[in-house]
Amino acid sequence: MNFLNWFYKDVVQEDPYGRDKTRTVRVLQPVRVAVAGVLLFITLIILLSAWPFHVVPTGYRGVVTQFGAIKGIEPEGLVVLPPWQSLNNFNTRAEEAKVENAEGATSDTQPVNVSMVVRYAINTDKVAEVFEKYSRNGDLSSYVNTATHETFKAVTAKYTAPDLIAKRTAVSGDVYSMLNAKLGIYGARVINIDMTNFAFQPAYMAAINEKVTQEQKKLAADNRLKTVESEQKQKVAVAEADASAVKAKADGDAYAQLTVAKAQADALRLQNAAIRESKDVLELKRIEVSKIEAERWNGQRVPTTQLVVSPTPIAQVK
């Protein structure tokens, strides 16, 4: 309360109501108020400059400097520093650099350009070096842009125009490797690269489109030819199968007939052999027949019926 009284002073004034001739009034003193404000501002500056507590955000490193010289690198979190040291927050998160119309020329002297987005990050063990030499906050986009242009020229010179299109993955890998080596000089590393389509001269693009069209037509014609050849082969295979079936049937019939003929010939040979080997049997049969005829004869006439057993003639009984 006494401190507040310092801003006021007592002033004697005449009583406007006429009850007393004078009265005492407390009046605020502007000069003292201004002086107090200046003193408070100076005090705040002193407190802030001497404040020992600092914070390093996530994804940053704290570069501690003393009178401009680097004294250390602090990790994320709370940092306590004496008043004569200061803390600079340095970004180590992934950053991106947009590279527009990077130009190059192929090994067959075809001009080509492309646009890329390069994502990169500062290596945490290189923060002090980058802070001292290249950037106070971790932004290396200008260095990345220049290095990317140089890298694209060097890579495209290794490929012909058709290979540059056909081997896009290999080209991207070469750009990544070479650019990563270049950024390593600045204490950074490449995270990934996004490339748009390669842009050639209009006349060359028209020639490529025409070539692709002709190749597609040729491929379609080849496919049709293969289809016709396949159909013809199928027809030939069916015809050969039918012919083989007919031949097999004819061979089977001929073999069956030959087998039957052989069987008949064998049977005839066996029969003749049996006849040759059985003359006594035939003679016995002849005698039996003669006996039967003799028994049946009535003395009048010769029987008109004869039993023929073999080709051997039978003598007539008189």
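The values are calculated or read from the model by the stated rules, or taken from the named source; none is laboratory data. Quick caveat: nothing in here was measured; it's all calculated off a predicted structure. Cβ placement follows ideal geometry from the backbone for every residue including glycine, while neighbour counts extend to all protein chains displayed.
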How about the stretch 190-219: which of its residues are surrounded by 17 or more Cβ atoms within 10 Å (Cβ to Cβ) and modelled with pLDDT of 85 or more? V190, I193, M195
The residue from I208, I193 that alone is part of a helix (DSSP H, G or I), of a type in the set (A, V, I, L, M), in contact (Cβ under 8 Å) with a residue 12 or more places away in the chain and within 28 Å of S107 (Cα to Cα) is I208
Kindly check whether there is at least one residue in the stretch 135-146 that is over 20 Å from A199 (Cβ atoms), of a type outside the set (S, T, N, Q) and assigned to a helix (DSSP H, G or I). yes
Looking at I275, I314, I292, I287 in this structure, which one is at pLDDT below 65 and either touching a Gly at 6+ places or on another chain (Cβ under 8 Å) or among the aliphatic types (A, V, I, L, M) (or both)? I314
Reported set for the stretch 166-189 where residues are surrounded by 15 or more Cβ atoms within 10 Å (Cβ to Cβ), of a type in the set (A, V, I, L, M) and either assigned to a helix (DSSP H, G or I) or modelled with pLDDT under 85 (or both) is V171, V175, M178, L179, L183
Contact list please: Cβ distance under 7 Å, first residue in the stretch 147-165 and in the same structural domain as K98 (by TED's automatic domain parsing), second residue assigned to a helix (DSSP H, G or I) and among the basic types (K, R), pairs at least six apart or on different chains. A147/K182; T151/K182
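Of the residues E74, E129, E96, which is within 16 Å of G184 (Cβ to Cβ) and among the acidic types (D, E)?
On the way: E74 fails: within 16 Å of G184 (Cβ to Cβ); E96 fails: within 16 Å of G184 (Cβ to Cβ).
Exactly one residue qualifies, and that residue is E129.
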Exactly one condition in (1) in a helix (DSSP H, G or I); (2) surrounded by 20 or more Cβ atoms within 10 Å (Cβ to Cβ) is false for D163; which is it? (2)
Just a yes or no: is a residue in the stretch 47-65 outside the structural domain of S172 (by TED's automatic domain parsing), basic (K, R) and at pLDDT 90 or above? yes
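When you check A263 against the structure, is it free of Cβ contacts under 8 Å to residues at least 60 places away in the same chain, assigned to a helix (DSSP H, G or I) and exposed (fewer than 10 other Cβ atoms within 10 Å of the Cβ), yes or no?
Against the criterion (free of Cβ contacts under 8 Å to residues at least 60 places away in the same chain, assigned to a helix (DSSP H, G or I) and exposed (fewer than 10 other Cβ atoms within 10 Å of the Cβ)), A263 does not qualify.
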When you check T196 against the structure, is it in contact with a Ser or Thr (Cβ under 7 Å, 6 or more places away or on another chain) and closer than 20 Å to K153 by Cα, yes or no? yes
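Only one of these is basic (K, R), within 33 Å of the chain's Cα centre (by Cα), modelled with pLDDT of 75 or more and surrounded by 10 or more Cβ atoms within 10 Å (Cβ to Cβ): K249, K226. Name it.
Numbers: K249 fails: within 33 Å of the chain's Cα centre (by Cα).
Checking each option against the conditions leaves just K226.
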Restricting to the stretch 173-209, name every residue that is farther than 26 Å from E150 by Cβ and more than 28 Å from the chain's Cα centre (by Cα). P202, A203, A206, A207
